[in-house]
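**Q** Below you will find the structure I want to go over with you.
Quick note: the coordinates plus some simple rules give every number you see, no bench work behind them. Not measured: the values here are computed from a predicted model. Virtual Cβ from ideal backbone geometry, glycine too; neighbours counted across all protein chains shown.
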């Protein structure tokens, strides 16, 4: 299956916290990086989500917010993924920025060219990707 989401993270469910309406799912990727998703209890049942099961997290690049430097502010976004800018690809209006996390996972964001300048993003600089857990879509192999 092909998808339009730029970020496709394959891993194993390491934590599942059930709630009355939603569940919090932690997916650990092969290098140890972690992605958290919030899904409905209906999705937990329909997908058969359980600790130890393989899953895939999908996040569209425009849903990823960027922070330059080191984080000295707390955010409500559940996924605060610190790493290093590894690639910048500028377009006419927007720029695609890739951040490599300590475990080797690469996170892609699409932000305006102006934002890249304002944040001072450049290859080799520290940066973080902020992703709301509700913006993470989970899937499981068929």
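**Q** Determine the relative contact order of the chain: mean sequence separation of Cα pairs under 8 Å and six or more apart, normalised by residue count, in whole percent.
**A** Values: 330 pairs, mean separation 40.2, N = 142.
Averaging sequence separation for qualifying contacts and normalising by length gives 28 percent for the chain.
**Q** If I model a spin label at residue 51 and residue 142 as a point 7 Å from the Cα along the Cα→Cβ vector, what separation in nanometres do I get?
**A** 3.1 nm
**Q** Based solely on its DSSP helices, what 222 nm [θ] is calculated for the chain when runs of n ≥ 4 H residues each add -39,500 (n - 2.57) and the sum is averaged over all residues, nearest 500 deg cm²/dmol? Please report the intermediate quantities before stating the final value.
**A** Working: 2 runs with 14 residues, N = 142.
Per the formula, -2500 deg cm²/dmol.
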